[in-house]
């Protein structure tokens, strides 16, 4: 049975754009929270800070890009969205993998 | 605001009333700024804006470092070391500050060269160009004054080289500059003046010039593309409001730039070199930072040693003055690069020489350059670029329509031009544009690679002339020639691909013609 509000696999990025913006907002909030948990004196802490701040910036850029294109009813580049998501995932992965 | 509107604001929700409060007082919804054309939603139009973003990041990180820094010869290094070791995110602050400074210089250079090639300096934007050049000089001033402040052996030695170069200028200019940056000449006076210039005088001057440039930009609008607006689609000619479209686009670029700076800072963290002392300095080669290296490399040519230094400085000054007064030199009416072949070729030679001199300077720290080698490398580079440019104009650009006039970028002109546009399939235009961008990008890369290979070959030949035949020189020459062969092969293939669409070269070159007939 199809759940109400679920997204079909065939959905385009334009169709799920608003949900993606909400998701990116959550990612941005998580990265900001993580920024406050770091040891600011160690080199690992500074590296993680730069990574999470990078995630913050990229999330914002993606949100802005999606919003602009959805508002103007312009096509959204899947390549850019996927590259952005991969970048965010990679930054989080490296950030979590750093020795504390 | 009318009474009716005010009452509407009062009856809305809290958020609406809050927005209404600020809108009434700040005029957020007023149309203060002119809309921008859709074609300007392109990173190349905002290189200067990104340089300003870099300036803002530097301002923020710089103010944080100012809280701990002491501008005295005895305390400068210790306070910088304190920032690195004891301040929260201190190393990160220092690294980001340095790399955004580099990025600002690079973006300012790219912004200038893009403006040069698409000739934005023409009427009515002459003053805007001159103001931009002044801002570029101030950006270099930031680099020069900021480099000394950590008082490391590298920065102090490099600054001494710069101050020495200033002393060789004509007496009135040298006296003024010495008064401005060195004062009594004592270390304490020098560092204090550099600090003052770096954190007060130069930022204030840059902000004033930025305000003037923004005013001129608001007056004339964004420049039309150099090829004219006729070839653009209706959609590209349309106007987009400053808010939210342009503002959000700029914020996207700024966020991407910030993110790139973060990653570069992680990948290449900086270490503080040893503190300056005459004894330690004697073990280091004095050399300016990379953005002044091309000038320094010119001064290192043997012929400019001693009294010839004035001539070298004069030559470099001529380049800077010529770039500043470019609007009054390049007075042709057309903005199209198809028409401005002399200026385009000169610009390409300038960029190639700056690149070659910088890389050469990094590879030969402290070495005097023999005259023959300088002639071979610099002359060879200029010759190669000139030949490439002449060939491109002769074979590729000759039959393209020479459009592109002095567009004002004003909405009225843009709207007027919209009526005369031919019907173009937007999908095809977009696809062709992408293909054109890729082709241009690959051409630029190949050109750069070709310049380096030919410079390497000339350099190896010079080594053979100087020191006789050696295995190292032969290997170096062989590598350069192999690289050049690869570049030539790749260029031929690219030209062939490019020609599949138009057939211009095929019609011109017999070999291609023969191949085409054989294929048929």
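The values are calculated or read from the model by the stated rules, or taken from the named source; none is laboratory data. Source: prediction; values computed, not measured. As a convention, Cβ positions derive from the backbone with ideal geometry for all residues, glycine included, and neighbour counts pool all protein chains shown.
Quick notes on this structure:
- Taking (1) within 14 Å of another protein chain (Cβ to nearest Cβ); (2) touching a helix residue (DSSP H, G or I) at 6+ places or on another chain (Cβ under 7 Å) in turn, residue B:85 satisfies each apart from (2).
- Meets criteria (over 18 Å from residue B:59 (Cβ atoms) and either within 14 Å of another protein chain (Cβ to nearest Cβ) or surrounded by 21 or more Cβ atoms within 10 Å (Cβ to Cβ) (or both)) for residue B:93: no
- Just one of the numbered conditions (1) in contact (Cβ under 8 Å) with a residue 60 or more places away in the chain; (2) within 12 Å of another protein chain (Cβ to nearest Cβ); (3) exposed (fewer than 14 other Cβ atoms within 10 Å of the Cβ) is not true of residue B:261: (3).
- Filter pass, residue B:162 being under 26 Å from residue B:74 (Cα atoms), out of contact with any strand residue (DSSP E or B) (no Cβ under 7 Å at 6 or more places or on another chain) and not in a helix (DSSP H, G or I): no
- Subset of segment A:56-72 that is closer than 16 Å to residue B:257 by Cα and facing another protein chain (nearest Cβ under 8 Å) - its residue that is surrounded by the fewest Cβ atoms within 10 Å (Cβ to Cβ): A:60
- Residue within segment B:195-210 that is within 14 Å of residue B:145 (Cα to Cα), over 24 Å from the mean Cα position of the chain (by Cα) and surrounded by 20 or more Cβ atoms within 10 Å (Cβ to Cβ) present: yes
- In segment B:96-120, residue surrounded by the fewest Cβ atoms within 10 Å (Cβ to Cβ) [restricted to those that are part of a helix (DSSP H, G or I) and more than 12 Å from the chain's Cα centre (by Cα)]: B:117
- Take the conditions (1) more than 30 Å from residue B:238 (Cα to Cα); (2) in a helix (DSSP H, G or I); (3) more than 13 Å from chain B (Cβ to nearest Cβ); (4) free of Cβ contacts under 8 Å to residues at least 24 places away in the same chain; residue A:92 misses just one of them, which is (4).
- Subset of segment B:230-252 [within 17 Å of residue A:56 (Cα to Cα), at the interface with chain A (Cβ under 8 Å from one of its Cβ atoms) and touching a residue at least 60 places away in the same chain (Cβ under 8 Å)]: B:249
- Being away from every other protein chain (no Cβ under 14 Å) and assigned to a helix (DSSP H, G or I) is a description that applies to residue B:63.
- Selection within segment A:28-47 - within 9 Å of chain B (Cβ to nearest Cβ) and either assigned to a helix (DSSP H, G or I) or in contact (Cβ under 8 Å) with a residue 60 or more places away in the chain (or both): A:43, A:45, A:46, A:47
- Taken over segment B:302-335, the criterion of being assigned to a loop (DSSP other than H, G, I, E, B) and either at positive phi or within 21 Å of the chain's Cα centre (by Cα) (or both) is satisfied by B:325, B:330, B:335.
- Odd one out for residue B:271 among (1) over 15 Å from residue B:101 (Cα atoms); (2) touching a residue at least 12 places away in the same chain (Cβ under 8 Å); (3) outside any helix (DSSP H, G or I); (4) within 14 Å of chain A (Cβ to nearest Cβ): (2)
- Among helices (runs of 4 or more DSSP H) entirely within segment B:172-261, having at least 2 residues that are under 30 Å from residue B:76 (Cα atoms) singles out B:187-196, B:202-220.
- Residue within segment A:51-59 that is farther than 21 Å from residue B:268 by Cα, touching a helix residue (DSSP H, G or I) at 6+ places or on another chain (Cβ under 8 Å) and modelled with pLDDT of 90 or more present: yes
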